[in-house]
1. Out of the residues in segment 82-108 that are touching a Gly at 6+ places or on another chain (Cβ under 8 Å) and crowded, with 21+ Cβ neighbours inside 10 Å, which is farthest from L132 (Cα to Cα)?
2. Do we have L162 as within 14 Å of the ligand (Cβ to nearest atom) and of a type in the set (A, V, I, L, M, F, W, C) here?
3. With the requirement that a residue be near the ligand (Cβ under 6 Å from one of its atoms), over 13 Å from the mean Cα position of the chain (by Cα) and of a type in the set (A, V, I, L, M, F, W, C), what does segment 100-133 give you?
4. Please state which of the following conditions L96 fails to meet, knowing it meets all the rest: (1) in contact (Cβ under 8 Å) with a residue 60 or more places away in the chain; (2) within 18 Å of F2 (Cβ to Cβ).
5. Considering only segment 162-200, how many residues are surrounded by 15 or more Cβ atoms within 10 Å (Cβ to Cβ) and assigned to a loop (DSSP other than H, G, I, E, B)?
6. What tally of residues in segment 134-159 results from selecting those that are under 26 Å from R200 (Cα atoms) and within 16 Å of the ligand (Cβ to nearest atom)?
7. Counting just the residues of segment 20-62 that are among the β-branched types (V, I, T) and under 30 Å from P143 (Cα atoms), which one comes out nearest to the chain's Cα centre (by Cα)?
8. Which numbered condition in (1) over 20 Å from Q26 (Cβ atoms); (2) surrounded by fewer than 16 Cβ atoms within 10 Å (Cβ to Cβ) is the only one that V138 fails?
Amino acid sequence: MFGAALATGPLKWARERGLLDVALHQIRDYATDRHRQVDDTPYGGGQGMVMKPDPLVAAIEHAAVVDRPRRILLAPQGASFTQARAEALAREPSLLLVCGRYEGVDARVRAFVDDELSIGDYVLSGGEPAALCLIDAVARLLPEVVGSFDSVESDSFHSGLLDATYYTRPAEYRGWTVPEVLLSGNHAEIARHRRREQLRRTLERRPDLLESAALSSDDRRILRELESGAAPATPGRGRARGRRA
Ligand code: ADE
(Lines give C-alpha, C1' and ligand atoms only; values in the text may rest on other atoms or scores of the structure.)
Protein backbone atom coordinates (compact mmCIF):
# COMPACT_ATOMS: atom_id res chain seq x y z
CA MET A 1 0.00 0.00 0.00
CA PHE A 2 2.80 2.45 0.81
CA GLY A 3 5.14 1.56 -2.05
CA ALA A 4 3.43 3.32 -4.95
CA ALA A 5 2.41 6.39 -2.93
CA LEU A 6 5.94 6.93 -1.62
CA ALA A 7 7.42 6.47 -5.10
CA THR A 8 5.29 9.15 -6.80
CA GLY A 9 5.22 12.94 -7.02
CA PRO A 10 6.42 15.18 -4.19
CA LEU A 11 6.94 12.26 -1.78
CA LYS A 12 9.32 10.57 -4.22
CA TRP A 13 11.03 13.89 -4.90
CA ALA A 14 11.50 14.62 -1.17
CA ARG A 15 12.78 11.11 -0.42
CA GLU A 16 15.29 11.22 -3.27
CA ARG A 17 16.71 14.45 -1.89
CA GLY A 18 16.93 13.17 1.67
CA LEU A 19 14.29 15.63 2.88
CA LEU A 20 11.94 12.84 3.90
CA ASP A 21 12.72 9.39 5.20
CA VAL A 22 9.99 6.80 5.67
CA ALA A 23 10.65 3.44 7.34
CA LEU A 24 7.93 0.78 7.42
CA HIS A 25 7.57 -1.69 10.26
CA GLN A 26 5.59 -4.92 9.99
CA ILE A 27 3.75 -5.38 13.28
CA ARG A 28 3.52 -9.12 12.73
CA ASP A 29 7.33 -9.28 13.04
CA TYR A 30 6.93 -8.33 16.71
CA ALA A 31 4.54 -11.16 17.57
CA THR A 32 6.20 -13.84 19.66
CA ASP A 33 3.79 -16.76 19.32
CA ARG A 34 3.98 -19.55 16.77
CA HIS A 35 1.25 -18.07 14.57
CA ARG A 36 2.60 -14.53 14.79
CA GLN A 37 -0.83 -13.45 15.96
CA VAL A 38 -1.42 -9.69 16.23
CA ASP A 39 -5.16 -9.72 16.98
CA ASP A 40 -7.60 -11.49 19.25
CA THR A 41 -11.31 -11.56 20.10
CA PRO A 42 -12.62 -8.73 22.30
CA TYR A 43 -13.17 -9.24 26.03
CA GLY A 44 -16.86 -8.93 26.75
CA GLY A 45 -17.77 -10.39 23.39
CA GLY A 46 -18.79 -8.76 20.16
CA GLN A 47 -17.89 -9.07 16.54
CA GLY A 48 -14.52 -8.45 14.98
CA MET A 49 -10.99 -8.65 16.24
CA VAL A 50 -8.93 -6.30 18.38
CA MET A 51 -5.21 -5.70 17.93
CA LYS A 52 -3.28 -7.14 20.84
CA PRO A 53 -1.22 -4.70 22.92
CA ASP A 54 2.03 -6.69 23.13
CA PRO A 55 3.18 -6.92 19.46
CA LEU A 56 1.93 -3.40 18.75
CA VAL A 57 3.70 -1.81 21.73
CA ALA A 58 6.85 -3.85 21.01
CA ALA A 59 6.77 -2.45 17.45
CA ILE A 60 6.24 1.10 18.74
CA GLU A 61 9.07 0.84 21.24
CA HIS A 62 11.42 -0.69 18.70
CA ALA A 63 10.63 1.95 16.07
CA ALA A 64 10.90 4.79 18.60
CA VAL A 65 14.36 3.89 19.90
CA VAL A 66 16.47 6.05 17.63
CA ASP A 67 15.03 9.54 17.29
CA ARG A 68 12.29 9.83 19.90
CA PRO A 69 9.51 10.55 17.41
CA ARG A 70 6.13 12.01 18.24
CA ARG A 71 3.91 8.93 18.39
CA ILE A 72 0.59 9.16 16.61
CA LEU A 73 -2.10 6.50 16.56
CA LEU A 74 -4.41 6.77 13.55
CA ALA A 75 -7.96 5.90 14.50
CA PRO A 76 -11.46 7.15 13.66
CA GLN A 77 -11.91 8.08 17.34
CA GLY A 78 -8.95 10.47 17.21
CA ALA A 79 -8.93 14.26 17.17
CA SER A 80 -9.40 15.77 13.71
CA PHE A 81 -6.30 15.96 11.56
CA THR A 82 -6.44 19.51 10.18
CA GLN A 83 -4.12 21.77 8.19
CA ALA A 84 -3.13 23.47 11.46
CA ARG A 85 -2.10 20.09 12.86
CA ALA A 86 -0.23 19.25 9.65
CA GLU A 87 1.69 22.53 10.04
CA ALA A 88 2.54 21.69 13.66
CA LEU A 89 3.63 18.14 12.78
CA ALA A 90 5.82 19.45 9.93
CA ARG A 91 7.91 21.15 12.63
CA GLU A 92 8.54 17.85 14.44
CA PRO A 93 11.87 16.21 13.59
CA SER A 94 10.35 12.76 13.50
CA LEU A 95 6.93 11.06 13.62
CA LEU A 96 5.90 7.51 14.40
CA LEU A 97 2.56 6.63 12.82
CA VAL A 98 0.76 3.65 14.31
CA CYS A 99 -1.82 2.06 12.04
CA GLY A 100 -4.61 0.07 13.66
CA ARG A 101 -6.62 -2.55 11.84
CA TYR A 102 -9.68 -4.69 12.42
CA GLU A 103 -12.22 -3.39 14.93
CA GLY A 104 -9.64 -1.35 16.77
CA VAL A 105 -6.63 -1.63 19.02
CA ASP A 106 -6.52 -2.64 22.66
CA ALA A 107 -7.30 0.56 24.60
CA ARG A 108 -4.10 0.26 26.66
CA VAL A 109 -1.99 0.98 23.56
CA ARG A 110 -3.10 4.60 23.91
CA ALA A 111 -0.82 4.97 26.92
CA PHE A 112 2.13 4.47 24.55
CA VAL A 113 1.30 7.21 22.03
CA ASP A 114 1.24 11.02 22.22
CA ASP A 115 -1.75 11.71 19.97
CA GLU A 116 -4.64 9.91 18.41
CA LEU A 117 -5.70 11.42 15.08
CA SER A 118 -8.52 10.81 12.62
CA ILE A 119 -8.44 12.01 9.02
CA GLY A 120 -12.22 12.33 8.80
CA ASP A 121 -15.57 11.16 10.06
CA TYR A 122 -15.65 7.86 8.25
CA VAL A 123 -14.19 4.46 8.97
CA LEU A 124 -11.39 2.98 6.90
CA SER A 125 -10.50 -0.69 7.11
CA GLY A 126 -7.16 0.29 8.60
CA GLY A 127 -4.99 3.22 9.55
CA GLU A 128 -2.62 2.84 6.58
CA PRO A 129 -4.46 5.07 4.07
CA ALA A 130 -4.88 7.60 6.88
CA ALA A 131 -1.11 7.47 7.58
CA LEU A 132 -0.46 8.08 3.88
CA CYS A 133 -2.74 11.11 3.93
CA LEU A 134 -0.91 12.46 6.96
CA ILE A 135 2.53 11.82 5.41
CA ASP A 136 1.49 13.59 2.20
CA ALA A 137 -0.04 16.60 3.96
CA VAL A 138 2.97 17.00 6.28
CA ALA A 139 5.74 16.29 3.74
CA ARG A 140 4.58 18.96 1.33
CA LEU A 141 4.96 21.52 4.15
CA LEU A 142 8.60 20.67 4.87
CA PRO A 143 11.03 23.50 4.19
CA GLU A 144 12.65 22.86 0.80
CA VAL A 145 9.65 20.83 -0.38
CA VAL A 146 7.44 23.90 -0.04
CA GLY A 147 7.80 26.16 -3.03
CA SER A 148 9.19 23.42 -5.21
CA PHE A 149 5.69 22.17 -5.93
CA ASP A 150 3.05 24.66 -4.97
CA SER A 151 2.37 27.60 -2.78
CA VAL A 152 1.32 26.74 0.74
CA GLU A 153 0.22 30.27 1.62
CA SER A 154 -2.74 30.12 -0.75
CA ASP A 155 -3.75 26.58 0.19
CA SER A 156 -7.26 25.97 1.37
CA PHE A 157 -7.30 26.03 5.20
CA HIS A 158 -3.84 27.64 5.59
CA SER A 159 -5.49 30.99 6.33
CA GLY A 160 -8.58 29.30 7.74
CA LEU A 161 -10.49 29.80 4.47
CA LEU A 162 -11.01 27.68 1.37
CA ASP A 163 -8.75 28.52 -1.55
CA ALA A 164 -9.85 30.82 -4.38
CA THR A 165 -10.89 29.65 -7.84
CA TYR A 166 -8.19 29.24 -10.49
CA TYR A 167 -8.23 29.15 -14.27
CA THR A 168 -5.69 28.39 -16.98
CA ARG A 169 -5.74 28.55 -20.79
CA PRO A 170 -7.88 28.65 -22.88
CA ALA A 171 -9.58 31.94 -21.98
CA GLU A 172 -12.84 30.49 -23.27
CA TYR A 173 -13.74 26.84 -22.89
CA ARG A 174 -17.03 25.53 -24.31
CA GLY A 175 -18.51 28.95 -23.94
CA TRP A 176 -17.29 29.43 -20.35
CA THR A 177 -15.02 32.40 -19.92
CA VAL A 178 -12.36 33.35 -17.38
CA PRO A 179 -13.14 36.32 -15.06
CA GLU A 180 -11.85 39.39 -16.86
CA VAL A 181 -9.92 40.66 -13.86
CA LEU A 182 -7.60 37.64 -14.09
CA LEU A 183 -6.61 38.68 -17.63
CA SER A 184 -6.09 42.32 -16.63
CA GLY A 185 -2.54 42.06 -15.29
CA ASN A 186 -3.62 44.29 -12.38
CA HIS A 187 -2.13 42.40 -9.44
CA ALA A 188 -3.86 44.39 -6.72
CA GLU A 189 -7.25 43.82 -8.36
CA ILE A 190 -6.45 40.15 -8.83
CA ALA A 191 -5.51 39.77 -5.16
CA ARG A 192 -8.80 41.46 -4.15
CA HIS A 193 -10.75 39.20 -6.50
CA ARG A 194 -9.09 36.08 -5.09
CA ARG A 195 -9.71 37.09 -1.49
CA ARG A 196 -13.35 37.70 -2.35
CA GLU A 197 -13.55 34.28 -4.01
CA GLN A 198 -12.06 32.67 -0.90
CA LEU A 199 -14.66 34.35 1.27
CA ARG A 200 -17.53 33.53 -1.10
CA ARG A 201 -16.61 29.87 -1.41
CA THR A 202 -16.06 29.48 2.32
CA LEU A 203 -19.38 31.17 3.09
CA GLU A 204 -21.19 28.93 0.60
CA ARG A 205 -19.48 25.63 1.33
CA ARG A 206 -17.89 25.72 4.79
CA PRO A 207 -19.43 28.54 6.84
CA ASP A 208 -18.17 26.74 9.98
CA LEU A 209 -14.61 27.76 9.04
CA LEU A 210 -15.47 31.46 9.22
CA GLU A 211 -15.86 31.26 12.99
CA SER A 212 -12.13 30.66 13.52
CA ALA A 213 -10.64 32.28 10.38
CA ALA A 214 -8.47 35.38 10.73
CA LEU A 215 -10.65 38.06 9.08
CA SER A 216 -9.86 41.72 8.45
CA SER A 217 -12.49 44.45 8.65
CA ASP A 218 -12.49 44.44 4.83
CA ASP A 219 -13.17 40.70 4.84
CA ARG A 220 -16.09 41.21 7.22
CA ARG A 221 -17.53 43.93 4.99
CA ILE A 222 -17.29 41.65 1.95
CA LEU A 223 -18.94 38.82 3.89
CA ARG A 224 -21.82 41.13 4.91
CA GLU A 225 -22.25 42.08 1.24
CA LEU A 226 -22.19 38.45 0.16
CA GLU A 227 -24.64 37.43 2.86
CA SER A 228 -27.10 40.17 2.01
CA GLY A 229 -26.93 39.18 -1.66
CA ALA A 230 -26.23 42.85 -2.42
CA ALA A 231 -22.80 42.09 -3.79
CA PRO A 232 -22.20 42.69 -7.47
CA ALA A 233 -22.12 39.40 -9.40
CA THR A 234 -18.68 37.92 -8.97
CA PRO A 235 -16.98 37.22 -12.26
CA GLY A 236 -16.03 33.61 -12.65
CA ARG A 237 -18.91 32.42 -10.56
CA GLY A 238 -20.93 29.68 -12.21
CA ARG A 239 -21.42 30.35 -15.88
CA ALA A 240 -19.31 33.44 -16.36
CA ARG A 241 -20.61 36.62 -17.84
CA GLY A 242 -19.78 36.91 -21.47
CA ARG A 243 -20.53 33.31 -22.15
CA ARG A 244 -21.17 32.72 -25.79
CA ALA A 245 -23.37 29.72 -26.40
N1 ADE B 1 -8.58 4.15 10.77
C2 ADE B 1 -9.82 3.82 10.36
N3 ADE B 1 -10.53 4.92 10.05
C4 ADE B 1 -9.71 5.99 10.26
C5 ADE B 1 -9.87 7.39 10.12
N6 ADE B 1 -11.01 7.94 9.71
N7 ADE B 1 -8.82 8.17 10.44
C8 ADE B 1 -7.67 7.63 10.88
N9 ADE B 1 -7.48 6.32 11.04
C10 ADE B 1 -8.48 5.50 10.72
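The values are calculated or read from the model by the stated rules, or taken from the named source; none is laboratory data. Being a predicted model, the structure only gives us computed values, none of them experimental. In this analysis, Cβ positions are derived from the backbone assuming ideal geometry, glycine residues included, and neighbour counts consider all displayed protein chains.
1. G100
2. Against the criterion (within 14 Å of the ligand (Cβ to nearest atom) and of a type in the set (A, V, I, L, M, F, W, C)), L162 does not qualify.
3. Result: V123, L124.
4. (1)
5. Going through segment 162-200 one residue at a time, the tally reaches 7.
6. Qualifying residue count, segment 134-159: 1.
7. It comes out as V22.
8. Failed condition: (2).
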